[in-house]
Structure formats: structure tokens, C-alpha cells
Amino acid sequence: MPEPVTVTRDGGVAIVTLDNPPVNALSFHLREPLNAALFDLRDDPTVDAVVLACAGRTFVAGADITEFGKPMLRPDLRDLIETLETFTKPTVAAIHGTALGGGLELALGCHFRVADPAAKLGLPEVKLGILPGAGGTQRLPRLLGPVKALKMITSGVPVSAGEALSGGLVDAIAEGDLVATAVDFIRDKAAAGGPYALVRERDDKLGEARTDMTAFDAAADEIARKARGLEAPLACIESVRNSVLLPFDEGLKRERQFFVDLVSGDQSKAQRHLFFAEREAAKVEGVGREVKSREIRRVGVIGAGTMGGGIAMSFANAGIPVTLLETTTEALERGLATIDRNYAISVSRGSLTEDARAKRVALFSGTLSYDDLADCDLVIEAVFEEMEVKKEVFAKLDRVCRPGAVLASNTSYLDVDEIASATSRPEDVVGMHFFSPANVMKLLEIVRGTRTRADVLATALSVAKKIGKVPVVVGICYGFVGNRMLQARGADLEDLLLEGATPEQVDGVFTELGFPMGPFAMGDLAGLDVGWRSRRAHGKTAVIADALCEAGRYGQKTGKGFYLYENGSRTPRADPEVAALIEEKARERGVNRREISEQEIVERTLYPMINEGARILEERIAARPSDIDIVWVNGYGFPVGKGGPMFFADLTGLQDIVARLDHWHGRTGKDVYAPAGLMRKLAGEGRGFADLQGSKV
Ligand code: CAA
């Protein structure tokens, strides 16, 4: 362990360096010596000015999240800032890497801030279900103005050093050595003489806002509308509003109360769980730091349909050249035209510059010949979901690809080992399962075949990070983690409808929980004909969904499905024809329709899905419960405030869930309700899924 705080001198300037690897989080063992050092420097007459800097890869990246939810040992961050604010000699924060959360709040306690040109500054607390709890919501608006501060605090997205400079958040950008620049900067300030204004004393930008709150209110309304049941964004809005309307100390007091309430709530626990879960998911058995990943300079994508096109865009967006292969000129041209159109839409919406669009489009090349994949380091197949077709593709890849190229399948269900058996190099084959739309959705299920080599997995993991995906390594089974649980979620849906629920009632329960949409709206969006065709191919039926398809109701694409979509609208509207159809089918089957409660809907959709998650753990298809949570939050819109299905199960209580599964199993006889042995065992021992891996929250 390095010395957490060291003080060096450059003439009259004291340089305080914090060193708490890996990200200089403000743990107690850093706060205590820092506070002591600050007191010494404040009272030392030979010190004219102070620079606060960090060793290692970053400035302070925030509070130590593992200390949340436990009694906070003093001095806390607010004490440190208070100490800084008693300085009559000037102080400056020298910021490199990422000044995040409590790190930025600490810097806001200094009189000045100097940043490295590559630095990023942000208050990401909202992503952890809290708000900045050490004055961030009160000080940031004083530098940036309330509207800009509101956007930064409620999005949690950091700004660049350049943006920070133009907004007034930093005072200078270091052209050369950061600490040397900060020393010169603060020496000049000391020479010029005080008094030095504290951020808390600045009022120019708030004064302006006080006379007209229209812009603030408009921004706040829009953010509140999109909050989807999350409490933290609403608290952020109120707290920033307080910065404008209340005296500083009163605003600070209320910010603290918001923080205390939020940090002890389930939403923040869920979001902190997801923070650590994402990092855990990157740790894969047998793929240690010593395993080197292969270099990926060019990627091939087979199939230029919706999925292939989206996958190709993900790589181009990260600056990686892509060769797109199709079987016919028309299909290839259609695929490339769709990609062009998607980028043009981004330009027209202002989310992409014309220059960036041109650069991305130039990274694509199209081909009809497998020979053109010879120089690719990674090839991802996204063709029709049929084993024989996939095997044919892999046999061809085996012939043309260079030795050492990674061969990946985007299959959503099929056995990656069988696909790999079509090649002479199954150890180079891996599943890379993207989620539609692939250029937007964060999740990447990486499917580990029996013979997949460790460095192939390492390559898939590192390439995922490069293209901004959240990877989870899973084992082979039908549908892997996500789709297998999705099937379990849908297994009893038709009976729910027949027994008395309506599509809008079921979907309403989901949106109320915080899902972007419920299962029926999702079916309409994906196209009901997809499942219909697959059922017919496997000799299966579904009473209501089949009847809808037979009536030409395929979902959004035909303007009708479980819902009605009028005049090209994407907003689902309840359709009396569907209600009548459900009632007719229930009558035909002699089902007595009754009132279905919201709780029953949860028990007959989410509980079987959690149960399937437990089976997946028993079979070691997923390495840990939190991996399943990451799959569902990033691939299927499971609400972040609920932490994913397995976290949600722990919150609900496994004993209760097992009892209800037993109940529904007895009533319906359906296998999806038969409680997994693992879940029954955990429930019997009074434990939860979190106990399987040692929770950090
Ligand atoms: N507290 C505790 N541990 C942290 C941490 C924090 N604030 N930030 C990162 N870590 C840990 C990670 O868990 C990880 O640990 P393992 O290696 O054991 O898995 C390690 O540090 C490295 O982190 P990353 O893998 O994320 O490294 P990266 O280089 O990809 O990213 C980062 C670095 C951008 C700083 C990223 O870690 C990050 O975003 N951290 C969180 C920042 C944040 O949310 N800060 C606000 C905290 S809340 C706060 O400050 C509230 C307040 O006002 C009191």
C-alpha cells in the first residue's frame, strides 16, 4: 500500500498528493490523513498556497462506494470540504483522469481548479440511485448556472475539460505538466493577493436564474417525465432548485437529507449492486490477467439484415473497419442503405456530426465473396437461425479465414459446440450474442463453447469493452441466459389472458415496475409472426397469439397485434377486437374468467423467470447471480431501480417466492413453477442469492 497522503513543497506552494489505488476513492484511510495534512498546511505560515493532486491514473473518482450503507466514519467528505473552505490562502485542485462524484465535490471545495486536457469531470451519483451528498448540487449550479448543472447532475454524464472550461467549472487547462501548471497558477494567485472567493459565495449565475425560472422548470419537467419511477433524478431536481431559491446552508442541509433517505433505500442498493455486478461480470474463470487477447484490426460480419447491420455499426462506431458479406447484391445494397439511413437520422437529430458520419460510413466495405474475409481478425455470423445454415457458413469460414482469426456466431439459441464442429478449429469459435437493435443495446452474451480457448474469450471481452458493450460470459443451453428466462416469463401468459387479465393490464404491471414496455407490447414490436413460424416448425401452438397471426395481426408492422396501432403510430392502444377474441377463446375452453390482481401477474411472470435463473445457476450456465442481473438490465430493460431479477428476488424474499411457486405449480402443473432445488435450499436456510457470492452492498 502506498502512503495515502504525501506533502511536498515547491517554494511557498505545498503540493498534497493523494494515492489510493486503483481510482483514489475517498476511503476513510485517505480522508483521515488528508484532513490532518490540510489543517497543518492551513496553519503553517511558510505555506502561501496549496495544490491538491492525485497519483496514479486518475483524480479522486468518488466516495468509496463500499462504505455506503455503513456508519460513515469522521472526518467525512463534508468535513474535508469544510476544512478547505476555512483556508485564507488560495487552494487549487489539479485534475487528471476522472474527477467524479465526491472527487469533483472535493475539487469544488477548492478556490480554483486546473485540469489536464484529457480530464473528465462529472457527478454520476444519480446512476447509483443517490444525489451528490457533499454540496455538489449546491456548488455546481453556482459555477455552471442551474440549467447546465441540472443536466449534468441528472444525467450523471461527465463533461470534458474543454466544456468544463467554457462553462466556468475549471479555471485553466494545463498545456504541459499538470502539477507544474497548477503550482504556477496558484503561485500567481497568491502573489496577487486575496481574498479568494469560495464557490459557495458565488451568486452571479444564480441571480440571473432567480429572475426567470422558465428554462429551469422546462428542463426539470422533461427529466421528471423520463424518470420512470426512479427517485434519485427527482431528488436531484429539487436539490438543484433549492440552490437557486434557498440560502446556501439551507440548500446544503436539505441535500443531505435527500442523500440520507436515498442511500438507505432499495433503489440505491439495487443500483450499487449493479455497479459492482458489471465489474464482477468481467472476471471470468480461467481468463486471468495473464491471458492476452488477440488484436482485432478488422471485423467481418455475415448477414446485412437488421442484426448484422446493427452489429457492423457497433464496430464502425468504435472506429473498427468492417467487411459486410451478403449472398446477393440486392441484400447487400439494402443492408448498406439501411446503415446509411440510420447514420443520416443521427445527423438530422444532432447526435452525430456530418464529419463523424462520413468517417463511419467510410469504414464499411461490402462483398459477396467469402475470400474477402481472409484479412479479418474476427468474423461474426448473423444469418438465419438454423443449424444447417450456420454450419455451412462456419465450414466456409474455416476454409478462408486466417489462422488465429476468432470465429463468432450471433446465435440466440443454438448449440455453439455443434456450430464449432463444422470447423477444424473449434477452439477459435465463440458465441457473441448481440441484442436488437445491436448498435444501441448494451448487452453482449459471450457464449463459451466446451473447447473455446481462454484467449478467444479474452478477445471477445476486450472487443466488447471497445465497442461499449456490457459483456457477460455464459454457457451453452437453449436460449442461453436471457432468452431462456424470457421463455419462462412468457410460459403462462396466454393462460393469464384466458383467465381474465388483459394485455394492457399485464403490460401496465411491467411499466409500473419500471420496464420500458410489457411482454405484449414487446411481442408486437418484435413481430408475432416470428414466434408463430417457429411454433409451427416445432409442432407447437399458442391459443391467442396463433389466432392473432391467423387474422393477419403480426404486431406493429401490420398496424395490429395484441394492440391497435393507428395511422403508423407506435403507441399501443387497447383493441376491443382482441378483448372479444380472448373472451371467445376462454368460452371455447370453458375457462371461467375472473379478476386478476397485479400481484398474481407478478407471480406468474417474474417468479417463473427467477426460478429459471436459479436453474441456470445450478447448471452453471451463468457463473453468479449478479451476471443474470446484468443480462436482464442491459438486454431486456429490467428496471435498474430493482437491480435485476435475482436482486429483486432477494428483496422480495425467497421463502415467499418458493411458497408462491409451489402454489402455482400445484394449480397449473406447469414445470416452470416447480421450484429449483437451489432456490428451495436457499429459502430453507433463510439465505438469498446475494449470499452465494458475497454482496458488496
Ligand atoms: N468506490 C469503490 N470502488 C470503486 C469506485 C468507488 N467509487 N470506483 C471504482 N471502484 C473499483 C471498482 O469496483 C474496480 O474494482 P475491482 O478491480 O475490484 O473490480 C476498480 O475500482 C477499478 O474500477 P473500473 O474497473 O471501473 O476501472 P475503469 O478504469 O474502467 O473506470 C472509473 C474507472 C471511471 C473511475 C470507474 O471506476 C467509475 O465510474 N467509478 C465510479 C465513479 C462514481 O460513481 N463515483 C461517484 C461515487 S458516489 C459519491 O462520490 C457520492 C458522494 O458524493 C458522497
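The values are calculated or read from the model by the stated rules, or taken from the named source; none is laboratory data. It should be emphasised that the depicted structure is a prediction, and the values quoted were computed from it without experimental measurement. Counting neighbours? That spans all protein chains shown, and the Cβs are built from the backbone with ideal geometry, glycine included. Ligands, DNA and RNA are stripped out before the accessible areas are found, and what is left, the full protein with its side chains, is counted by its heavy atoms. Shrake-Rupley method; radii C 1.70, N 1.55, O 1.52, S 1.80 Å.
Here is how the numbers come out for the structure above:
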{"read-out": "Filter result for E82 (without any contact (Cβ under 8 Å) to a residue 40 or more places away in the chain and in contact with a helix residue (DSSP H, G or I) (Cβ under 8 Å, 6 or more places away or on another chain))", "value": "no"}
{"read-out": "Tally, over the stretch 653-667, of residues that are assigned to a helix (DSSP H, G or I) and open to solvent by less than 50 Å² (accessible area, probe 1.4 Å)", "value": "5"}
{"read-out": "Given (1) hydroxyl-bearing (S, T, Y); (2) within 16 Å of the ligand (Cβ to nearest atom); (3) farther than 26 Å from V260 by Cβ, index of the condition T91 fails", "value": "(2)"}
{"read-out": "Qualifying residue in the stretch 497-515 (condition: within 28 Å of the chain's Cα centre (by Cα) and among the small types (G, A, S))", "value": "yes"}
{"read-out": "Top-ranked residue of the stretch 103-143 - restricted to ones that are among the β-branched types (V, I, T) and under 15 Å from F258 (Cβ atoms), ranked as nearest to the ligand (Cβ to nearest atom)", "value": "I130"}
{"read-out": "Test set (1) open to solvent by less than 10 Å² (accessible area, probe 1.4 Å); (2) within 13 Å of the ligand (Cβ to nearest atom); (3) more than 15 Å from A99 (Cβ to Cβ) - L34 fails condition number", "value": "(2)"}
{"read-out": "Single condition K148 does not satisfy, out of (1) open to solvent by 50 Å² or more (accessible area, probe 1.4 Å); (2) more than 26 Å from T91 (Cβ to Cβ)", "value": "(2)"}
{"read-out": "Criterion: within 27 Å of the chain's Cα centre (by Cα) and buried (at least 21 other Cβ atoms within 10 Å of the Cβ) - qualifying residue of V347, V322", "value": "V322"}
{"read-out": "Subset tally (residues that are more than 14 Å from the ligand (Cβ to nearest atom) and farther than 19 Å from R57 by Cα) for the stretch 14-31", "value": "1"}
{"read-out": "Residues satisfying the stated conditions in the stretch 359-397, i.e. assigned to a loop (DSSP other than H, G, I, E, B), acidic (D, E) and over 21 Å from V447 (Cα atoms)", "value": "D375"}
{"read-out": "All positions within the stretch 281-297 that are within 12 Å of the ligand (Cβ to nearest atom), in contact (Cβ under 8 Å) with a residue 24 or more places away in the chain and either assigned to a loop (DSSP other than H, G, I, E, B) or in contact with a Cys (Cβ under 8 Å, 6 or more places away or on another chain) (or both)", "value": "A282"}
{"read-out": "Residue within the stretch 591-604 that is assigned to a helix (DSSP H, G or I), open to solvent by less than 60 Å² (accessible area, probe 1.4 Å), among the hydrophobic types (A, V, I, L, M, F, W, C) and in contact with a His (Cβ under 7 Å, 6 or more places away or on another chain) present", "value": "no"}
{"read-out": "Residue satisfying all of: in the stretch 144-166; within 12 Å of the ligand (Cβ to nearest atom) and not in a helix (DSSP H, G or I); farthest from Q271 (Cα to Cα) among these", "value": "P158"}
{"read-out": "Test result for E278, closer than 23 Å to K466 by Cα and assigned to a helix (DSSP H, G or I)", "value": "yes"}
{"read-out": "Conditions (1) open to solvent by 40 Å² or more (accessible area, probe 1.4 Å); (2) in contact with a strand residue (DSSP E or B) (Cβ under 6 Å, 6 or more places away or on another chain); number of the one not met by L178", "value": "(1)"}
{"read-out": "Qualifying residue in the stretch 262-272 (condition: over 27 Å from L198 (Cβ atoms), at pLDDT below 95, within 13 Å of the ligand (Cβ to nearest atom) and surrounded by fewer than 16 Cβ atoms within 10 Å (Cβ to Cβ))", "value": "no"}
{"read-out": "Condition check for R533: modelled with pLDDT under 95, open to solvent by 10 Å² or more (accessible area, probe 1.4 Å) and either over 30 Å from A623 (Cα atoms) or assigned to a helix (DSSP H, G or I) (or both)", "value": "yes"}
{"read-out": "Top-ranked residue of the stretch 229-270 - restricted to ones that are in contact with a helix residue (DSSP H, G or I) (Cβ under 9 Å, 6 or more places away or on another chain) and in a loop (DSSP other than H, G, I, E, B), ranked as farthest from T511 (Cα to Cα)", "value": "L246"}
